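S.K.: The structure is given below, and queries will be raised subsequently.
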């Protein structure tokens, strides 16, 4: 992408994908995605107690959970992301939005189901995931379920290679073409992703580049981490998705006694 912008005489202005204007683009990019929702709703029907949605974002999981009658606490580090959720469920008495880091927060209640959707666990490095697991342990009710998703199979393999391609992104005012760049870094353990609107790449322009860094994880690694953190070895099941996208759902529970740190 750097080469493309330099060749066209344009300069980049980095914008976090999960803040400010990045949230509008992110909503266009993933908002219509219905993957995981059916599986999470099924888990919710069997949950005893309220639900905690971590890295809830604009509410792709929270909104259908609340509309199905569940009480949900939505946690996200970005208040800009949560603002989309607040607009979708204005003054709804079954949802509470909390601006906090999923690695470090404290809530007064315990939850029968804790979920992380959209493979958002890949936002965390190993130290961050350790903090997350400890936090989930503290907030999970006795007999509660912890569930999250990660890419699998061919979808996971596609994340391991640096690539540049043009992608059509839908919007209210029509489709836009974006240049998507994925660069593999840190010895193959992370990927830096960038998005820029192609029509803005013109000589002398300053273009917004939406950016994020994600870890390359597989369900076997995550299963080992969960066991090491004191959870039951997770059940791994496929998520039904369109277009052959391979996503794995991991569900687990605390392996220790019901008594936990307060």
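Just so it is clear, none of the values below were taken in a lab; they were calculated from the coordinates. Every value quoted in this text rests on a predicted model; they were computed, and no experiment measured them. Counting neighbours? That spans all protein chains shown, and the Cβs are built from the backbone with ideal geometry, glycine included.
S.K.: Antiparallel DSSP bridges in the chain: what percent, to the nearest 5? Present the calculation step by step, with values, prior to reporting the outcome.
M.R.: On the way: 34 of 58 bridges.
If I count the DSSP bridges inside the chain, around 60 percent turn out antiparallel.
S.K.: Could you please rank 139, 243, 92, placing first whichever residue has the fewest other Cβ atoms within 10 Å of its Cβ? Can you show the working numbers first?
M.R.: Values: 139 22, 243 5, 92 15.
Arranged by neighbour count, lowest to highest, 139, 243, 92 become 243, 92, 139.
S.K.: Find how many whole Å separate the alpha carbon centroid of the range 98-163 from the alpha carbon centroid of the range 1-73.
M.R.: Spelled out, the Cα-based centre of one part sits 14 Å from the other.
S.K.: Separate question: Report, for the range 48-185, the % of DSSP beta bridges that are antiparallel, rounded to 5. Walk me through the numbers on the way to the answer.
M.R.: Working: 8 of 26 bridges.
Here the share of antiparallel DSSP bridges comes out near 30 percent.
S.K.: If I take R0 = 41 Å and measure r between the Cβ atoms of residue 67 and residue 168 in this structure, what FRET efficiency does the formula 1/(1 + (r/R0)^6) give, to the nearest 0.05?
M.R.: Numbers: r = 29 Å, r/R0 = 0.71.
After rounding, the FRET efficiency stands at 0.90.
S.K.: Listing 162, 130, 58 from the residue with the fewest other Cβ atoms within 10 Å to the one with the most, what is the order?
M.R.: In order of increasing Cβ crowding within 10 Å: 162, 130, 58.
S.K.: Give the Rg/Rh ratio for the range 49-108, taking Rg as the radius of gyration of the Cα atoms and Rh as the Kirkwood radius, to two decimals. The partial results should precede the final answer.
M.R.: Numbers: Rg = 10.3 Å, Rh = 11.2 Å.
Radius of gyration relative to Kirkwood radius: 0.93.
S.K.: Now for a separate question. Give the order of 91, 176, 164, 80 when sorted by the count of other beta carbons within 10 angstrom, beginning with the fewest. Write out the running numbers ahead of the final one.
M.R.: Details: 91 6, 176 16, 164 13, 80 20.
Listed from fewest to most nearby Cβ atoms, that is 91, 164, 176, 80.
S.K.: May I ask for the Rg/Rh ratio of the chain, computed from Cα atoms with Rh as the Kirkwood radius, given to two decimals?
M.R.: Details: Rg = 19.0 Å, Rh = 19.4 Å.
That ratio equals 0.98.
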